[in-house]
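Structure, as structure tokens:
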Amino acid sequence: MSMHQDTDMAGFVEPGGRNVTLIYILYLVGFVIGFTSLIGLVFAYLNRGRSQGWTTSHYTFQIRTFWIALLYGLVCLVLAFIGIGFVLMILVAIWVIVRCVKGLQAASRQQPIADPQTWLF
């Protein structure tokens with residue numbers, strides 16, 4: 001690997017727009033390969049304190065997306081015993097996808113998330 005390629009790769013793990021985008025993609029890939037969501041969570045925690053500007057709100061939004069989705073998923077697991085949990089799990093998946101798409105759109109415009117603390121979209 002050349003020095004230029006190392007610098008390009010570092011852009012994906014250092015705080016900034018490329019890293020924010022990577023985390024959203026890792027969350028979406030997590031529907032197929034589950035552990036990528038955990039990698040995204042680690043990146044978000046590592047970079048939230050080192051970020052500045054519009055990316056800070058994205059890291060908070062991404063961390064909350066992971067933990068709220070996990071909470072909703074656990075509630076769905078409990079409700080699966082009465083049959084409704086499976087339907088609700090589809091809604092949780094849609095919720096995560098919408099949040100990731102919303103985040104990707106804002107990141108592509110280099111804009112912060114309006115309310116990163118929201119439980120909704």
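The values are calculated or read from the model by the stated rules, or taken from the named source; none is laboratory data. None of these values were measured; they are calculated from a predicted model. All Cβ positions, even for glycine, are placed from backbone atoms using ideal geometry, and neighbour counts span all protein chains on display.
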From the set of residues in region 26-39 that are surrounded by 15 or more Cβ atoms within 10 Å (Cβ to Cβ) and without any contact (Cβ under 8 Å) to a residue 24 or more places away in the chain, which is farthest from residue 90 (Cα to Cα)? 39
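In region 48-71, which residues are at pLDDT 95 or above and touching a helix residue (DSSP H, G or I) at 6+ places or on another chain (Cβ under 7 Å)?
Step one: filter region 48-71 for residues at pLDDT 95 or above, giving 54-71.
Answer for region 48-71, where residues must be at pLDDT 95 or above and touching a helix residue (DSSP H, G or I) at 6+ places or on another chain (Cβ under 7 Å): 55, 56, 58, 59, 60, 61, 62, 63, 65, 66, 69.
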Only unsatisfied item for residue 100, checking (1) surrounded by fewer than 18 Cβ atoms within 10 Å (Cβ to Cβ); (2) closer than 18 Å to residue 34 by Cβ, is (1)
Please go through region 49-70 and pick out each residue that is within 15 Å of residue 120 (Cα to Cα), surrounded by 19 or more Cβ atoms within 10 Å (Cβ to Cβ) and among the β-branched types (Val, Ile, Thr). 65
In region 1-24, what count of residues is obtained for those that are in a helix (DSSP H, G or I), modelled with pLDDT under 90 and either under 18 Å from residue 38 (Cα atoms) or not hydrophobic (A, V, I, L, M, F, W, C) (or both)? 8
Log entry, pairs with first residue in region 63-82 being polar (S, T, N, Q), second being surrounded by 14 or more Cβ atoms within 10 Å (Cβ to Cβ), beta carbons closer than 8 Å, six or more apart or on different chains, reads 65/27; 65/96; 65/99; 65/100; 65/103
Taking region 102-114 as the region of interest, how many residues are in a helix (DSSP H, G or I) and touching a residue at least 24 places away in the same chain (Cβ under 8 Å)? 5
One residue from 97, 90 being in a helix (DSSP H, G or I), closer than 19 Å to residue 116 by Cα and modelled with pLDDT of 95 or more: 97
Those residues of region 36-58 which are farther than 12 Å from residue 22 by Cβ, among the aromatic types (Phe, Trp, Tyr) and under 12 Å from the mean Cα position of the chain (by Cα) amount to 45
Looking at residue 79 and the list (1) assigned to a helix (DSSP H, G or I); (2) in contact with a Phe, Trp or Tyr (Cβ under 6 Å, 6 or more places away or on another chain); (3) of a type in the set (A, V, I, L, M, F, W, C), which single condition is not satisfied? (2)
